[in-house]
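Encoded as structure tokens, the structure appears first; notes follow it.
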Amino acid sequence: MINPSTEKHFGWVPSGTTDDVDAATRAAAGALPWLAEMSMKERGDALDRIADGIEERADEIAVIVSQEVGTPIERSLEWQAKQPVTVTRLYAQMARGYAVDRSLDNSLIVRDPVGVVACITPWNFPLHQIMLKVAPALAAGCAVVLKPSGLAPLSAFILAEVIEKAGLPPGAFNLVSGPGASVGEALATSPHVDMVSFTGSTAAGKGVAAMAAESMKRFTLELGGKSASVVLEDANLDEAVANSVHNCYANAGQTCAAWTRLVVPRRLMTQVEAIAAATAEEYVLGDPLDPATTMGPLVSANQRDTVRGFIASGVDEGARLVTGDMEPPDRLDRGFFVKPTVFSNVSPSMVIAQQEIFGPVLAIQPYDTVDEAVRIANDSVYGLSGAVWSADPKRALAVGRRLQTGQVFVNGAAFNYRAPFGGYKQSGIGREFGEFGFEEYLELKAIQLPKAALVG
Ligand code: NAD
């Protein structure tokens, strides 16, 4: 592994084999009866012990992930270390309170664990993406085989140490690191795996879904995005634009749900450009371990080159470059940095309006009517997140209802850990977070009962 700020070698993990996948999936299958012996409360208590273990090592996790991914250290502590604790505790609580059996007329509706779940995860929020799968899967009574991203696998190994002490049956949690093309594909095709829970790019997700479908495994897919933040005429422009820029640039733009398109009234475009440029230019690029840094490098040389290629395509296609460019930032002769970049007057057909860039690049798109704003926002193969800004929250809500996307934020409202998160269209299938994410790991069974049994 390479530290993206220093470009120096930083750590290593084993490259698993298909034999490792076979052993891990068999161990997971062997743990299912033991997991079934545990009550929901006991599984919830085990999850709380896992949350405690992650919390105890939060500082260490934050520093490690900052060096793998480039997330500035304060944000890393919040997003990369503490957020997984919050998610795990919520699932612990949910497991203890969830009604597995429900009655419906003469039926008993039972929820069984799906079985062995292969969790395949990306690098941008490594432990957070992992716990969004591992916590609900274990709570449901499933056994897990985790394959983390090769770019940021170290927090998964810390998690394995934590889980070992949490009192779950042997085989309930297994970790196989290695490339997607070997370990990931072996998991997606394994006869011992009942479900694949995948987060990553839409391209890889389509391949995983096709492989899983061969044996009719269950699958959930959390994929890419190209989300739009729609500013209505009456919105507080400073607040709407600055918030949208910050959202777009979080984790150096490497966030699936980032609002990477800012859809604004044409007559306000000049003002919007000025606010966006001023906000972008305030970012301090540098070493993620320096508390003064507000934007780190991109995760890899490859990612940096891809993002610079998108910036070049924006220039070639005639978008107006408001701030930033393809050149390396001043004073940073090492590290995979890209300048915070804003394009304006971006038309819907341009590559930078359509493709997920996964870097700090914002596209401002003008509109003349609200109907056109909605059309522009929905003109995407993706549908993961979005925002609407207006002085009248009811008006914003009415526009939000028309967006074809899994989440919408009105006037910068708070993220809700219990609300469903996931994609319309090619942003995915299924949901994570809250009860919606939990139920992905349960099969439904209806047991029809004779009246006598019901009375008994
Ligand atoms: P990626 O698709 O390259 O890799 C994701 C995971 O899949 C990795 O563990 C990788 O090794 C594995 N993989 C790759 N090819 C595979 C194959 N053929 N078979 C099985 N496994 C395979 O994605 P990435 O670069 O790690 O992450 C960035 C992408 O993830 C972006 O598109 C981003 O939008 C998306 N993402 C989505 C969400 C969400 O919740 N919707 C969250 C985070 C990231």
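The values are calculated or read from the model by the stated rules, or taken from the named source; none is laboratory data. No experiment lies behind these values; they were computed from the predicted model shown. Every residue, glycine as well, gets a Cβ built from its backbone with ideal geometry; the counts of neighbours run over all protein chains shown. The accessibility values were calculated without ligands, DNA or RNA, using every heavy atom of the protein model including side chains. Shrake-Rupley method; radii C 1.70, N 1.55, O 1.52, S 1.80 Å.
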- When the dipole is taken about the Cα centre of the chain, and only Lys, Arg (+1) and Asp, Glu (-1) are charged at their Cβ, what size is it in debye, to the nearest 20? 1040 debye
- Query: In the chain, which whole DSSP H runs stretch at least 20 Å along their own axis (Cα) and average -0.5 or higher on the Kyte-Doolittle scale?
  - Reply: 18-37, 83-97, 126-140, 301-316
- Compactness summary of the range 206-274: radius of gyration and Dmax from Cα atoms, Å, are 17.7, 55
- Task: List the equivalent ellipsoid semi-axes of the range 74-150 in whole Å, largest first, each obtained as the square root of 5λ for an eigenvalue λ of the Cα gyration tensor.
- Result: 30, 16, 7
- For the charge dipole of the range 228-410, defined by +1 on Lys and Arg C-beta atoms and -1 on Asp and Glu C-beta atoms about the Cα centroid, which residue among T293, N236, V374 has the Cα displaced farthest towards the positive pole? V374
- Query: What residues from the range 319-356 fall in the zone where the backbone N is under 15 Å from a label point 7 Å along the Cα-to-C-beta line of S201?
  - Reply: 355-356
- Task: Calculate, axis by axis, the spread of Cα positions in the range 352-422 along the three principal axes, and write the results as whole Å, longest axis first.
- Result: 31, 29, 20
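How high is the relative contact order of the chain, in percent, with contacts defined as C-alpha pairs under 8 Å that are six or more residues apart? Walk me through the numbers on the way to the answer.
Working: 1042 pairs, mean separation 84.7, N = 456.
It rounds to 19 percent for the chain.
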- What aspartates and glutamates sit close enough to K394 to cross-link, taking a C-alpha to C-alpha distance under 15 Å and skipping anything fewer than 8 places away on the same chain? E233, D234
- Query: For the range 228-355, with equal point scatterers placed on the C-alpha atoms only and solvent neglected, what are the log10 I(q)/I(0) values from the Debye formula at q = 0.12, 0.17 1/Å, to two decimals?
  - Reply: -0.44, -0.89
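With a cut-off of at most 16 other beta carbons within 10 Å, and DSSP calling the residue loop, which GluC sites (Glu not before Pro) in the range 227-299 qualify? Please list them.
E233, E282
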- Item | Förster-model FRET efficiency, 45 Å R0, K445 and E78, C-beta, rounded to 0.05 | 0.65
- Charge dipole of the chain built from unit charges on the beta carbon (Lys, Arg +1; Asp, Glu -1), centred at mean Cα; most positive-end Cα among V196, H9, A258 is V196
- Query: How do Y417, Y424, Y91 rank by accessible surface area computed with a 1.4 Å probe, from largest to smallest?
  - Reply: Y424, Y417, Y91
- Message: So if I place +1 on the C-beta of Lys and Arg and -1 on the C-beta of Asp and Glu, and nothing else carries charge, what would the dipole magnitude of the range 1-43 be about its Cα centre? I want it in debye, nearest 20.
- Response: 180 debye
- Of all DSSP beta bridges having both residues in the range 72-194, the percent classed as antiparallel (nearest 5) is 25 percent
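Would you mind getting the accessible area per residue of the chain, heavy atoms of the protein chains only, 1.4 Å probe, in Å²? Can you show the working numbers first?
Values: 18650 Å² over 456 residues.
I get 41 Å² per residue for this part.
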- Item | Normalised contact order of the range 332-432, rounded percent, pairs of Cα under 8 Å and 6 or more residues apart | 21 percent
- Query: Got a number for the accessible area of V176? Probe 1.4 Å, square angstrom, nearest 10.
  - Reply: 10 Å²
- Excluding residues on the same chain fewer than 8 positions from K217, give the aspartates and glutamates whose Cα lies under 20 Å from its Cα. D22, D112, E185, D194, E432, E439, E440, E443
- Task: Assuming 0.890 mPa s and 25 °C, estimate D for the chain with Stokes-Einstein, Rh taken as the Kirkwood radius over Cα pairs, in µm²/s.
- Result: 107 µm²/s
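As a check on your grasp of the helix formula, calculate [θ] at 222 nm for the chain: sum -39500 (n - 2.57) over DSSP H runs of n ≥ 4, divide by the residue count, round to the nearest 500.
-12500 deg cm²/dmol
How many percent of the accessible area of the range 1-156 is carbon or sulfur, using a 1.4 Å probe? If you can, show how the numbers build up before the last one.
Details: 3150 of 5940 Å².
Here it works out to 53 percent.
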- Spacing of the two label points (7 Å from each Cα toward its C-beta) at A210 and D305, in nm: 2.6 nm
- Tell me, what % of the accessible area of the range 228-410 is carbon and sulfur with a 1.4 angstrom probe? 49 percent
- Item | Zone residues, the range 140-173, relative to L289, backbone N less than 20 Å from point 7 Å out along Cα-to-Cβ | 151-158
- Under a point spin-label approximation (7 Å from Cα along Cα-to-Cβ), what is the R401-N345 distance to one decimal in nm? 3.7 nm
- Proximal lysines relative to K226, as straight alpha-carbon distance under 24 Å, when same-chain residues fewer than 8 apart are discounted: K133, K206, K339, K425
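Rounded to the nearest 20 debye, what is the charge dipole size of the range 228-410 about its Cα centre when +1 sits on each Lys and Arg Cβ and -1 on each Asp and Glu Cβ? All intermediate terms of the calculation are to be shown ahead of the outcome.
Working: 14 positive and 22 negative charges, 92 e Å.
Dipole about the Cα centre, nearest 20: 440 debye.
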- Query: Relative to the present Cα-Cα distance, how much length would full extension add between Q354 and A23 at 0.36 nm per residue of separation?
  - Reply: 115.0 nm
